[in-house]
């Protein structure tokens, strides 16, 4: 599994989105269009990653490692919280919120996302090395 590399790409997508916001170009300029593009792209990628884990990966881990079910539930709760935060960011983008407000949304997502990724990697990387999963990695982890 390429969990770490997917997490790195999502971290980079968040960073690019934050850089677009920090560029400071007035509303309506290319930085604003970039921000819209990056926000929607980042949100779609992160959501797709979590949906794939919930749909494909976590059930396979639970079947092979029932002792991890509580950990998987915690990760799924994180996915739900991150999904809620992404919804707030998307609503803020759609309503042309101020750069400060958008920045606060991104900072909240970044904090939870990073904590989630670190916990997930600590708990699951060794399991993923031996997990036999007959599924397309792109379907399980999001686009690679």
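If you filter the range 13-33 down to residues that are farther than 14 Å from residue 106 by Cβ and part of a helix (DSSP H, G or I), you find that the one that is modelled with the highest pLDDT is 33. Residue under question is residue 90, and the condition is that it be modelled with pLDDT of 90 or more and surrounded by 15 or more Cβ atoms within 10 Å (Cβ to Cβ); does it hold? No; evaluated as a whole, the condition is false for this residue.
Scanning the range 93-106 for residues that are closer than 16 Å to residue 44 by Cβ and buried (at least 17 other Cβ atoms within 10 Å of the Cβ) yields a total of 3. Exactly one residue out of 107, 53, 101 is closer than 16 Å to residue 7 by Cα, modelled with pLDDT of 85 or more and either in contact with a strand residue (DSSP E or B) (Cβ under 8 Å, 6 or more places away or on another chain) or part of a helix (DSSP H, G or I) (or both): that is 53.
Within the span defined as the range 71-86, one or more residues are more than 17 Å from the chain's Cα centre (by Cα), surrounded by 17 or more Cβ atoms within 10 Å (Cβ to Cβ) and at negative phi.
The values are calculated or read from the model by the stated rules, or taken from the named source; none is laboratory data. Remember, predicted model here, so these are calculated numbers, not experimental data. Glycine gets a Cβ as well: all are built from the backbone with ideal geometry, and neighbour counts include every protein chain shown.
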